[in-house]
Amino acid sequence: MMDARCLVVVGSQWGDEGKGKIVDVLAAEANIIARYQGGANAGHTVHVGGEEFILHQIPSGILHPGTRCLLGNGVVLDVEQLLGEIDALRARGFDVEERLGISGRSHLLLEYHKRLDAASEAKRGADRIGTTGKGIGPAYEDKIARVGVRAADLLYPNRAHALIEHAVTRANERLRGASAEPLDPVRVADEVLRMRDRIVPLLTDTGREITAALRDDGRVLLEGAQGALLDVDHGTYPYVTSSTTTAAGAATGVGIGPTAIDAVIGVVKAYTTRVGSGPLPTEIEPPLGDHLRELGGEYGATTGRPRRCGWFDAVVVRYAAQVNGLTGLAITKLDVLDSFDEVKVCVGYETDHAAWDHFPYDFTLLENARPVYETLPGWKADISGARSIRDLVSARSHRNERNRDARERLEALQVRAR
Ligand code: IMP
Ligand code: MG
């Protein structure tokens with residue numbers, strides 16, 4: 001299954017595509033599995049041996065004995081969450097600390113980041129991003145502003161204490177400005193330092209480890225979190241997360257060069273979901289949208305929020321294929337659509353004056369756009385037991401009149417959209 005020596009798995013919609021499951025399958029053949037961005041905002045649900053595991057901070061690969069799991073420099077590290085996950089996994093019989101490495105260059109995500117996240121969302125009001133509340137934005141803000149505390153700072157307790165105190169004092173100014181409760185800098189620093197002894201032994205240089213493994217003919221799996229449309233550059237800004245979720249981020253996020261990557265698998269669901277605010281062109285109105293949510297069990301793994309549901313958007317996936325340089329595609333949850341009479345696929349967007357077949361950088365266009373759909377008859381069969389492509393019900397040519405119509409509309413109209 002894993003032909004490439006260095007493989008990236010990326011979400012190619014708005015997250016929750018089922019990356020955890022694909023990573024779990026591929027991890028069986030990997031020596032190293034590394035996360036390269038994001039933090040505990042991720043919620044990777046994996047079923048192993050009839051048991052469910054939801055991992056937020058630790059790579060899903062940890063469920064495979066013998067694998068080495070890394071958190072790259074591009075990750076923001078919620079230390080408390082990490083230790084909680086380590087303990088929960090240990091209680092279920094997994095050895096974790098022996099196999100886990102944390103980049104010394106990764107940034108710590110502390111209590112004050114979560115408080116700032118909440119304050120900033122409250123301030124935005126109706127314009128809020130709908131974050132997971134895990135402090136992700138503020139942690140990356142500190143990193144880019146060059147005032148963050150890195151995991152390696154924990155090597156020197158006094159220095160770490162001073163840095164954290166200083167960071168909390170600075171955050172308190174912003175919290176007071178937002179009428180939010182400030183934190184006691186000394187207490188926060190003391191608490192982090194208490195966890196120090198468990199973090200320091202895990203510190204490593206992820207780029208060196210991965211480079212060495214590749215040189216020894218090892219297999220490396222770089223596990224993305226969130227999805228392409230939540231990428232800080234390529235997503236639906238500002239309704240995005242604060243990291244580079246796309247495949248290029250895998251290189252900078254662990255400390256290797258892009259030439260070390262051999263293949264990129266994009267994971268997509270057979271329909272589209274999104275949690276939080278921002279455009280979702282193929283969103284389905286209730287009651288059908290609610291029905292799809294129930295069928296697919298579409299509730300956030302991190303926050304429990306109901307996910308917004310929509311039809312498969314081929315424009316989004318084509319765009320994701322481009323920005324990630326996908327070499328393969330894994331489609332999940334096709335069987336969720338088993339009972340539908342009709343299945344729609346968005347092949348372009350249109351307004352009264354224009355139609356286009358690419359994902360626009362001008363989001364006001366998206367807000368006014370209607371999806372152009374090809375409508376396919378449902379297969380109305382239980383495909384949940386299909387284990388190979390031959391097991392799927394055969395799909396005839398569904399190119400009916402209406403679909404020709406959609407394609408002609410797209411072709412006839414000038415592609416004037418940005
Ligand atoms: P943040 O990453 O918590 O700042 O949230 C920013 C946006 O990304 C919000 O719309 C979140 O709902 C979304 N988001 C963050 N992490 C995930 C994820 O793992 N799956 C799906 N959406 C996510
Ligand atoms: Mg998820």
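Please identify every one of the GluC sites (Glu not before Pro) in segment 67-132 that sits in a loop by DSSP and has no more than 15 other beta carbons within 10 Å of its own beta carbon.
Numbers: sites: Glu80, Glu85, Glu97, Glu98, Glu111, Glu121; in loops: none.
For GluC sites (Glu not before Pro) across segment 67-132 that sit outside H, G, I, E and B with at most 15 neighbouring Cβ atoms in 10 Å, the list is empty.
Expressed in whole Å with the largest first, what are the equivalent ellipsoid semi-axes of segment 1-142 derived from the C-alpha gyration tensor as the square root of 5 times each eigenvalue? Intermediate values should be presented prior to the final figure.
Numbers: eigenvalues 148, 56, 43 Å².
The answer is 27, 17, 15 Å, longest axis first.
What does the charge count around Gln13 come to, taking other residues whose C-beta lies under 14 Å from its C-beta (Lys +1, Arg +1, Asp -1, Glu -1)? Mind dumping the intermediate values first?
Values: positive: Lys19, Lys269, Arg274, Arg307, Arg308, Arg318, Lys333; negative: Asp16, Glu17, Asp231, Glu283, Glu298, Asp313.
Neighbour charge sum, excluding Gln13 itself: +1.
Rounded to the nearest 20 debye, what is the charge dipole size of segment 56-103 about its Cα centre when +1 sits on each Lys and Arg Cβ and -1 on each Asp and Glu Cβ?
Values: 4 positive and 7 negative charges, 41 e Å.
Using Cβ point charges on Lys, Arg, Asp and Glu, segment 56-103 gives about 200 debye.
Of all accessible surface on the chain at a 1.4 Å probe, what whole percent is carbon and sulfur? Present the calculation step by step, with values, prior to reporting the outcome.
Values: 9420 of 18830 Å².
Of all accessible area on the chain, carbon and sulfur atoms account for 50 percent.
Only helical DSSP H runs with n ≥ 4 go in: add -39500 (n - 2.57) per run for the chain, normalise by residue count and round the 222 nm mean residue ellipticity to 500 deg cm²/dmol. Mind dumping the intermediate values first?
Numbers: 12 runs with 136 residues, N = 418.
Taken over the chain, the calculation gives -10000 deg cm²/dmol.
What FRET efficiency do you get for Arg128 and Leu329 if R0 is 30 Å and r is their Cβ-Cβ distance, rounded to the nearest 0.05? Please list the in-between numbers first.
Numbers: r = 32 Å, r/R0 = 1.08.
After rounding, the FRET efficiency stands at 0.40.
Over the alpha-carbon set of the chain, work out the extent along each principal axis and list the three values in angstrom, largest first.
Taking max minus min along each principal axis of the Cα atoms, the chain gives 72, 50, 38 Å.
Enter the accessible area of Trp356 (Å², nearest 10), with the probe set to 1.4 Å and all protein chains included.
0
Calculate, for the chain, the solvent-accessible area per residue in square angstrom, rolling a 1.4 angstrom probe over the heavy atoms of the protein chains. The partial results should precede the final answer.
Numbers: 18830 Å² over 418 residues.
Ligands and nucleic acids excluded, the result is 45 Å² per residue.
Need one word for segment 7-50: rounded, prolate or oblate. Basis is the Cα gyration tensor (sqrt eigenvalues a ≥ b ≥ c); a/c below 1.5 gives rounded, then a/b vs b/c decides. Let's see the in-between values first.
Working: a/c = 1.59, a/b = 1.20, b/c = 1.33.
Taking the square roots of the gyration eigenvalues as a ≥ b ≥ c, segment 7-50 is oblate.
I'd like the accessible area for Val76: 1.4 Å probe, protein heavy atoms, all chains in place, Å² to the nearest 10.
0
Please state the shape class of segment 109-243: rounded when a/c is under 1.5, otherwise prolate if a/b exceeds b/c and oblate if not, all from the C-alpha gyration tensor. Numbers along the way, then the final one.
Working: a/c = 2.87, a/b = 1.19, b/c = 2.42.
In terms of gyration-tensor shape, oblate.
Find how much the distance from Ala28 to Arg174 grows on full extension, using 0.36 nm per residue of separation minus their present alpha carbon separation; answer in nm with one decimal. It would help to have the intermediate numbers written out before the result.
Details: separation 146, 0.36 × 146 = 52.56 nm, distance 4.57 nm.
Using 0.36 nm per residue and subtracting the Cα-Cα distance, I get 48.0 nm.
Sum up the lysine pairs in the chain that clear both bars: alpha-carbon distance under 30 Å and a spacing of 8 or more or different chains.
Taking the chain as the scope, the lysine pair count is 28.
Decide, for segment 175-326, between rounded, prolate and oblate: order the square roots of the alpha carbon gyration tensor eigenvalues as a ≥ b ≥ c, take rounded if a/c falls under 1.5, and otherwise choose prolate if a/b is larger than b/c, else oblate.
Values: a/c = 2.20, a/b = 1.17, b/c = 1.88.
It is oblate, given that a/c is not under 1.5 and a/b is not larger than b/c.
The values are calculated or read from the model by the stated rules, or taken from the named source; none is laboratory data. Everything numeric here is computed off the predicted structure, so don't read it as measured data. Quick reminder, even Gly has a Cβ in these numbers, built from the backbone with ideal geometry, and neighbours come from all protein chains shown. When the accessible area is computed, the model is the full protein with side chains, heavy atoms only, and any ligands, DNA or RNA have been set aside. Shrake-Rupley method; radii C 1.70, N 1.55, O 1.52, S 1.80 Å.
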